[in-house]
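Novice: My questions all concern the structure below.
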Amino acid sequence: MTVVLRSGESQESLLKRFRKEVADSRVLSTFRKKRWFVSKSEEKRKSKQRAARKARRKEMQAQQREY
């Protein structure tokens, strides 16, 4: 990933463009996810937990809308 200083561009705007490019390429999020090893079974368990939590939230919101 390379960001070249444009003519008349300040260091702050160069840094801002670099940060935006890093965010768009999702380098940091990938790095944070791979920071620790997570086994396949643990990934499945966590995804099931997330799905169950999401379903509960949806159900609670539907109940609140009825009132």
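The values are calculated or read from the model by the stated rules, or taken from the named source; none is laboratory data. Keep in mind that this is a model prediction, so the values were computed, not measured. Cβ placement follows ideal geometry from the backbone for every residue including glycine, while neighbour counts extend to all protein chains displayed.
Novice: Considering only residues that are over 30 Å from residue 6 (Cβ atoms) and assigned to a loop (DSSP other than H, G, I, E, B), which ones fall in region 16-67?
Specialist: Once the filter is applied, which keeps residues that are over 30 Å from residue 6 (Cβ atoms) and assigned to a loop (DSSP other than H, G, I, E, B), region 16-67 yields 34, 35, 36, 37, 38, 39, 67.
Novice: Now, a different point. If only one of 57, 17, 53 is surrounded by 11 or more Cβ atoms within 10 Å (Cβ to Cβ) and either modelled with pLDDT of 95 or more or among the small types (Gly, Ala, Ser) (or both), which one is it?
Specialist: Exactly one of 57, 17, 53 is surrounded by 11 or more Cβ atoms within 10 Å (Cβ to Cβ) and either modelled with pLDDT of 95 or more or among the small types (Gly, Ala, Ser) (or both), namely 17.
Novice: Against the definition (at pLDDT below 95, part of a loop (DSSP other than H, G, I, E, B) and out of contact with any Leu (no Cβ under 6 Å at 6 or more places or on another chain)), how does residue 2 come out, yes or no?
Specialist: When the stated conditions are applied, residue 2 passes them.
Novice: For region 20-50, which positions are surrounded by 10 or more Cβ atoms within 10 Å (Cβ to Cβ) and among the hydrophobic types (A, V, I, L, M, F, W, C)?
Specialist: Listed by number, the residues that qualify are 22, 23, 27, 28, 38.
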